[in-house]
Amino acid sequence: MKILVPVKRVIDYNVKVRVKADNTGVELANVKMSMNPFDEIAVEEALRIKEAGNAEEIIVVSIGPAQAQETLRTALAMGADRAILVKTDDLVEPLAVAKILKAIVAEETPELVILGKQAIDDDCNQTGQMLAALLEWPQGTFASEVKLGEGTVNVTREVDGGLETVKLTLPAVVTADLRLNEPRYASLPNIMKAKRKPLDTKEPSDYGVDTARRLTTLKVEEPAKRASGIIVENIAELVTKLRDEAGVI
Amino acid sequence: MPTYSAPVKDIKFLLHDYFNLQKLEHIPAFAEATPDLLDAILDEAAKINENVFQPLNLSGDGQGCRLEDGKVITPDGFKEAYAQYLEGGWQGMTGDVKYGGQGLPQTLGLLLNEIMVSANWGFAMYPGLTKGATESIYAWGTDEQKEKYLPKMYSAEWAGTMNLTEPHCGTDLGLLTTKAVPQDDGSYKITGTKIFISAGDHDLTENIIHLVLAKIPGGPDGVKGISLFIVPRDIINDDGSVGANNGVSCGSLEEKMGIHSNATCVMNYDEATGYLLGDKHKGMKAMFTMMNEARLGVAIQGLAIAEVAQQNAVAYANDRLQGRALTGPQNPDAKADPIMVHPDVRRMLMTNRAFIEGSRAMTVWAGILVDTTREHPDEAEREKAEELLALITPVLKSYLTDQGVEAASRALQCFGGHGYIREWGMEQFLRDSRIAPIYEGTNGIQAMDLIGRKLPANGGAAIRAYFEMVQTFIDDNKTNDALSNYMPGLEKANGRLQAASMWLMQNGMSNPNNAGAGAHYYLNLLALVTMAYFWADMAKKAHEMIAAGEGDKEFLENKLITADFFYGHMLPETAALKAKIEAGATSVMGLDAHSF
């Protein structure tokens, strides 16, 4: 079977994010970008499934600017077989991403789509769920374990109360959570090989998808700075302050 | 605990913008090394170094290596980290593709070496020694030897070492006594004791291939009778598998000041089977292949330790609140300002910064010279690069390692008393840094090599080529207004270097002690002029990019400020160095030995 892994190029998790002076968004110029960490986990999971002999091909896809090629090459260097870049300079919302992915699924006919549960830039946590709905496929989100069966997949989900295991009939959509696996480092020989692996470039219009935004961003601001604390003399004063000033008890 | 983040941005500026490696595609190693590939390699190397090797640095220092039942055990976590290094296929990066290498430029190898040493010096030395050994086998080995050893060493399955020093013979190798007795089958029986053998034994690889200097009985006396041998720790069977011990053992481990996680061994060879590498009695020549490369590698250790110490000092200076800025509170909401506001803290951090970025440019230049000497299609270019490289190698080795110690010390100073406390990791950096001015030829030896061998070689061709490079730059840019902060200073410093060269030529002939007394100063003078050349040229590039609206403006403007600092606060040292050279040897040699 084929596995499709969508990956997103995001601001690197180590970067201290700065808001643009005009409050229209965050500063992305000259900032280190890398693959969304949850997507890295998704790529790793696909690789493990393939290495266990349960998949023949892993296709990675990214929707974003020309530089998203670097992100795709990273996935190829980890071991994915080929890549598709859907090139657009628009900030594409999850619904449009899901529609593009749906069209790619129709072309590539994978049996499994694995993607990160959310991207660390906008934290939407929507694409996987929307894609499953559009495809009318079952979904296993927040996966911390993925086990393939005969035409099925068991997904252990990290839910509020603990772990929930669901059995999905393939084809299905799985979104990866943090504890699913620890992604590998790409080896030098594989980084070199990745250069020669096929990478197709498309545009949203090739899939008949309009990427115009439906949401308007009014303002982006830094979180309020933490006010300095005070030292209280005794428990009684603490309780008084919590009751009268903070109003929390 | 200290942290480290590989300086990928500065490296990319040097590779893509400043040196523009794409211009070098006529050199085969660079043809494949496209910018996107270099970036991908750097980013991935940064990750494994930051996340896997660096976290073992402090613990490895605390635990050190131990000798159990004649075997060396490396600190906890080293085996697993080495397995990831092996898995990553990093060891063969610059190796010939014919033997399983990746054929990438040595320039890139040097940069990744910097990252690895910054992350974990003691760990980095294990693969580093292997690299040195493979260079020698590649240069001097027979086809059969190359096929036997290189693939397993490029893959990091086997390690390598170099064995020169003996208890009574360090710098003066002519005194060595390790014997190599010829056998009927063409091999030799090696017997003797070697000391200070870095990575001499460890538990990271299935075998260790030692390169050992020894004398074949009946050969010429002194260094002319030395040969180089390949001596595997464990016998390699005909089918390539590893067999029993070959009479090679680690007698003891040295207790030392730093690099605790790297095993420094006394090695005993007891009729161990060895194979001649290169020609009989030409061991010194073969060994210098390894040595020259190793000297550049050590130079980079000075840069690397400065970088990681600096990163931690900067973080601390921004975080630590003490006192108020001289110009009034900068952080009025808190009781004190971060110590970054103090000019004296800035003096230390800016000195380190100018040193680090300037020396990184110099090492990339040296790397390009290495690749040019090996692969440039034009013989004249290869020769010119060889001369410049020979000239600049002792300069880099000595200046970068001396300054590496100073930089680690300045970074520690920023921490005040906490710098002296182990858990901050700063004192480890200082202790580790202190070996680099000593090994691979002490810095005193480097200065003597520069003055006694490199300057006069080939009728002074190298220093003439060097002066031509600097003078051409001065002539071309003298009237460039953007460089008005730099060109007068460069011209003056270059003038001092020329005058000092003349003085040494005139006064060193009549009294060699004049040359010996001035050698260290002269080396530093040459280093500062070279760094000044690169700072001015990098500033030129930064100006051009800013004018064209290219690149990261803040990064480029910071380059200009750092260049200003170098020219204002570091280059003036050249005047003092010239004066010290011209003071000659009289007072240096004046005291009777018994008066000390």
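The values are calculated or read from the model by the stated rules, or taken from the named source; none is laboratory data. This one's a predicted model, so the numbers in the text were calculated from it and none came from an experiment. All Cβ positions, glycine included, derive from the backbone under ideal geometry; neighbour counts span all protein chains shown. Areas reflect the complete protein model, heavy atoms only, side chains present, ligands, DNA and RNA absent. Shrake-Rupley method; radii C 1.70, N 1.55, O 1.52, S 1.80 Å.
Working from label points 7 Å from Cα in the Cα-to-Cβ sense, the B:D344 to B:D378 distance is 5.4 nm. Couplings 3J(HN,Hα) of region A:14-24, computed from phi: 8, 7, 7, 6, 10, 7, 4, 4, 8, 6, 8 Hz, in residue order, whole Hz [Karplus 6.51 cos²θ - 1.76 cosθ + 1.60, θ = phi - 60°; x for Gly and Pro]. Here the label points at A:R214 and A:D22, each 7 Å from Cα along the C-beta direction, are separated by 2.7 nm in the simple model.
Going through region A:188-226, which trypsin sites (Lys or Arg not before Pro) have at most 14 other Cβ atoms within 10 Å and a DSSP loop state? Please list the in-between numbers first.
On the way: sites: A:K193, A:K195, A:R196, A:K202, A:R213, A:R214, A:K219, A:K225, A:R226; in loops: A:K195, A:R196, A:R213, A:R214, A:K219, A:K225, A:R226.
Sparse-neighbourhood loop trypsin sites (Lys or Arg not before Pro): A:R196, A:R213, A:R214, A:K219, A:K225, A:R226.
Among B:571-579, B:374-382, B:61-69, B:108-116, the peptide with the highest mean count of other Cβ atoms within 10 Å heads the list, and the full ranking is B:108-116, B:571-579, B:61-69, B:374-382. Less than 5 angstrom separates the built amide H of B:D203 from those of B:T74, all sequence-distant by 5 or more or on a different chain. In the assembled protein chains, A:D123 presents an accessible area of approximately 90 Å² (probe radius 1.4 Å). Between B:A325 and A:N234, the simple spin-label model (points 7 angstrom out along Cα→Cβ) gives 4.3 nm.
Peptide A:28-37: average number of partner chain Cβ atoms within 10 Å per residue?
Details: counts 0, 3, 6, 1, 4, 0, 2, 0, 0, 0.
Average per residue, whole number: 2.
Inter-chain neighbour count for A:188-197: the average number of beta-carbon atoms from partner chains within 10 Å of each residue's beta-carbon is 5.
Distant-in-sequence amide contacts of B:W158, defined by a placed amide H-H separation under 5 Å and a gap of 5 or more residues or a different chain, comprise B:M153. Helix A:37-51 and the long axis of chain A differ in direction by around 30°, with both axes built from C-alpha atoms.
Between helix A:68-78 and chain A, what is the angle of the helix's C-alpha long axis to the longest principal axis, kept within 0 to 90° and rounded to the nearest 10? Once rounded, the angle reads 70 degrees. Computed over the Cα atoms of chain B, pair by distinct pair, the Kirkwood hydrodynamic radius stands at 25.2 angstrom.
Computed on protein heavy atoms with a 1.4 Å probe, the accessible areas place B:S241, B:S501 in the order B:S241, B:S501, largest first. Among the protein heavy atoms, those of B:H569 account for about 130 Å² of accessible surface (1.4 Å probe, every chain in place). Enclosing the Cα atoms of region B:155-297 in their convex hull gives a volume equal to 122 cubic angstrom per residue.
Take every Cα-Cα pair in region A:89-145 and report what % of them are more than 14 Å apart. Walk me through the numbers before you get to the answer.
Details: 859 of 1596 pairs.
Distances greater than 14 Å cover 54 percent of the Cα pairs.
What trypsin sites (Lys or Arg not before Pro) in region A:32-126 are in a loop by DSSP, with at most 15 other Cβ atoms within 10 Å of the Cβ?
A:K32
Averaged over every viewing direction, what's the projected area of the C-alpha convex hull for region B:494-564? Give it in nm², one decimal, please.
Values: hull surface 21.4 nm².
So the Cα hull casts an average projection of 5.4 nm².
Over 19 Å apart at the Cα level, from the set A:K20/B:K553; B:K79/B:K194; B:K285/B:K454; B:K282/B:K454; A:K193/B:K148; A:K50/A:K197, are B:K79/B:K194; B:K282/B:K454; A:K193/B:K148.
By the gyration tensor of its Cα atoms, with a ≥ b ≥ c the square roots of the eigenvalues, what is the shape of region B:1-44: rounded for a/c under 1.5, prolate for a/b over b/c, or oblate? Because a/c hits 1.5 or more and a/b exceeds b/c, region B:1-44 counts as prolate.
When you count, for each residue, the other Cβ atoms within 10 Å and take the mean per peptide, how do B:287-298, A:148-159 rank with the highest first? Write down the numbers at each step before the final one.
Details: B:287-298: 21.8, A:148-159: 15.5.
Going from most to least packed, we get B:287-298, A:148-159.
Amide H to amide H, with H built 1.01 Å from N, B:N246 comes under 5 Å of B:D234, B:I235, counting only residues 5 or more places away or on other chains.
Antiparallel beta bridges, as assigned by DSSP with both residues in the protein assembly as shown, represent about 60 percent of the total such bridges. Computed on region B:444-596, the Cα convex hull volume stands at 128 Å³ per residue.
Okay, helix-only estimate at 222 nm for the protein assembly as shown: each DSSP H run of n ≥ 4 adds -39500 (n - 2.57), divide by all residues, round to 500 deg cm²/dmol; what do you get?
Working: 24 runs with 378 residues, N = 845.
When only DSSP H runs of four or more count, the value is -15000 deg cm²/dmol.
Taking a sphere under 13 Å around the Cβ of B:G219 and counting the other residues whose Cβ falls inside, with K and R at +1 and D and E at -1, yields a net charge of +3. Over every Cα atom in the protein assembly as shown, the radius of gyration and the widest Cα-Cα span, Dmax, amount to 30.0, 98 Å.
Converting the Cα gyration tensor eigenvalues of region B:77-178 into ellipsoid dimensions via √(5λ) gives semi-axes, longest first, of 24, 19, 13 Å. The relative contact order of chain B, computed from alpha carbon pairs under 8 Å that lie at least 6 residues apart in sequence, is 12 percent.
Using only the Cα atoms, what convex hull volume per residue in Å³ does chain A have? Please report the intermediate quantities before stating the final value.
Working: hull volume 45.9 nm³, N = 249.
Looking at chain A, the number lands at 184 Å³ per residue.
The GluC sites (Glu not before Pro) of region A:3-111 meeting both criteria, a DSSP state outside H, G, I, E and B (loop) and at most 14 other C-beta atoms within 10 angstrom of the site's C-beta, are A:E27, A:E56.
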